[in-house]
Every structure is written in structure tokens, then in C-alpha cells.
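Below is one structure, written out as C-alpha cells, with a few remarks after it.
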Amino acid sequence: MSRSSIAHDDIVAYAAGHGLQPDDVQQSLIDATVEKAGAHVGMQIGVDQGAFMSVLAAVLRPRFAVEVGTFTGYSALCLARGLADDGRLLCCDVSEEWTSIGREHWEMAGVAERIDLVIAPALETLQALPEEPTIDLAFIDADKPGYRDYYEELLRRLAPQGVILVDNTLWSGNVLPDSGADDENTIALRAFNDFVAVDERVDVAQLTVGDGVTMIRRR
């Protein structure tokens, strides 16, 4: 299943087929999402993006990771498996329904005890965190108008070698100024992209993985 219109479906499938493949638990989670999420299934990250996040987490070995927007838990599973031996993953979401699918599969994968899921508005959860720079890896994949606020709360707590990943930042190409798209989500993503591109506090790489992933590190 194609994750975006940025690349041709054949290229997307080729890339997904030449990276880290889902194991049995991950495939079960993918299948459960397809079965239960209906029209919302596109909210789940693709296999190629899951592979990228899994490899990055395994390299960084974060002691504290934060995910803003969990849906059915596939990205959380990718991140949790790369945590340091004493690492924790904080997941912020507002849906008991969708995250229950994730909980089941986190148990199956043996990582549930390392994941703290908070069902509440993510901004409130982030603002309640200590101010110390302890976040080693963060992933933002939630409501688009909230991206800037989530980014600011995470950046102020980002460890010196920490990384923030931001999803959907190419938005199937709709972020292009001449795309004709002017809905709230597109406008918010354009504004976020323009802001981080010139934010002197960070270095930024815009990747064409999935529907666009922005990779950010503090300078």
C-alpha cells in the first residue's frame, strides 16, 4: 500500500522491499490496523518509514524517547525495540480505541513494560515533563496545527545529541506553494516547514521517506 503520492508506487514498494522487513508481531499489527481502522488506516506509517525509525532508534539507543501521536502503535513498536537497556518510551495520544491495538501488540513483542502511554492532550503531557534536556529521540505525528507547539516543548528538553523526527511534512506534495491546497493542515505544515528551515537553533534534513519526514538536531 502506497503511503503517499511523492514517489511512484513501484518505487515505494521497491524501497520497502529492500529494507528491514516487519516481523510476525509487526505484520500482525499492520493487519489489525487494516482490519479495524477502516478509512483511518493511512494514519499508520509505512514499512519503509518503520524500517528507518527502527534502524535510527537502534543506532541512537535512547534512554528516553517521546512519541506525540501513537495511533495503533506501529511507530512506537519500532522505537521501543531500539531503546537502551534502561530506556523508556512515552507515548502521547487521546484515543483509547486505537492505542488498545498497540497495547496488545506491545505485549506480544515484549516491550509493553518499557512504554508509558498517556491518554491526554499531548501538549499538556509535554508541558508537565521536567525541563531538563533528557529526550534522546522524539517523533511527532499528530494534529498538524499543533506541530509548532509540540516542537517547542520537545526542543527545550532535547538532549545534546538528541533527534526530533516530524512526520507528514511533505503532505503528498500539497505543501508546495503552487499545489492549490489551502486547508488548515496544509497551511500549518507549510508554516512549520518554513519555520524550522530557518530556525538557527537546529540543523534540519527534509527526507522523502513515507509522506515526508523532517529530521532535526540541536546545534
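Taking 0.36 nm per residue of separation and subtracting the Cα-Cα distance, full extension of the segment from ALA205 to ASP149 would add 18.2 nm. Each of the peptides 71-78, 123-130 was scored by the mean count of other Cβ atoms within 10 Å over its residues; in descending order, highest first, they stand as 71-78, 123-130.
Zone of GLU97 (label point 7 Å along Cα→Cβ, backbone N under 18 Å): which residues in the stretch 17-51? In the stretch 17-51, the label zone of GLU97 (backbone N under 18 Å from the point 7 Å along Cα→Cβ) covers 32-44. For the stretch 1-95, the gyration tensor built on C-alpha atoms gives an oblate shape. Its axis ratio a/c (a ≥ b ≥ c) is at least 1.5, and a/b is not larger than b/c. Taking every alpha-carbon pair in the stretch 110-219 and binning the separations at 5 Å intervals from zero gives 2, 11, 21, 23, 19, 13, 6, 3, 1, 0 percent. Restricting things to alpha carbons, find the Rg to Rh ratio for the stretch 97-149 using the Kirkwood radius for Rh. Looking at the stretch 97-149, the ratio lands at 0.99. Shown here: Rg and Dmax of the Cα atoms in Å, derived from the displayed model; of the candidates [x] 18.7, 61; [y] 16.3, 48; [z] 16.1, 52, it corresponds to [y]. Given H placed on each backbone N at 1.01 Å, which residues far from LEU117 in sequence or on other chains put an amide H within less than 5 Å of it? Close amide H contacts, sequence-distant or interchain: CYS91. Using 0.36 nm per residue and subtracting the Cα-Cα separation, the extra length available between ARG61 and ASN185 on full extension is 41.4 nm.
Values quoted throughout were computed directly from the atomic coordinates according to the rules given, and no laboratory measurement underlies them. Keep in mind that this is a model prediction, so the values were computed, not measured. Glycine gets a Cβ as well: all are built from the backbone with ideal geometry, and neighbour counts include every protein chain shown.
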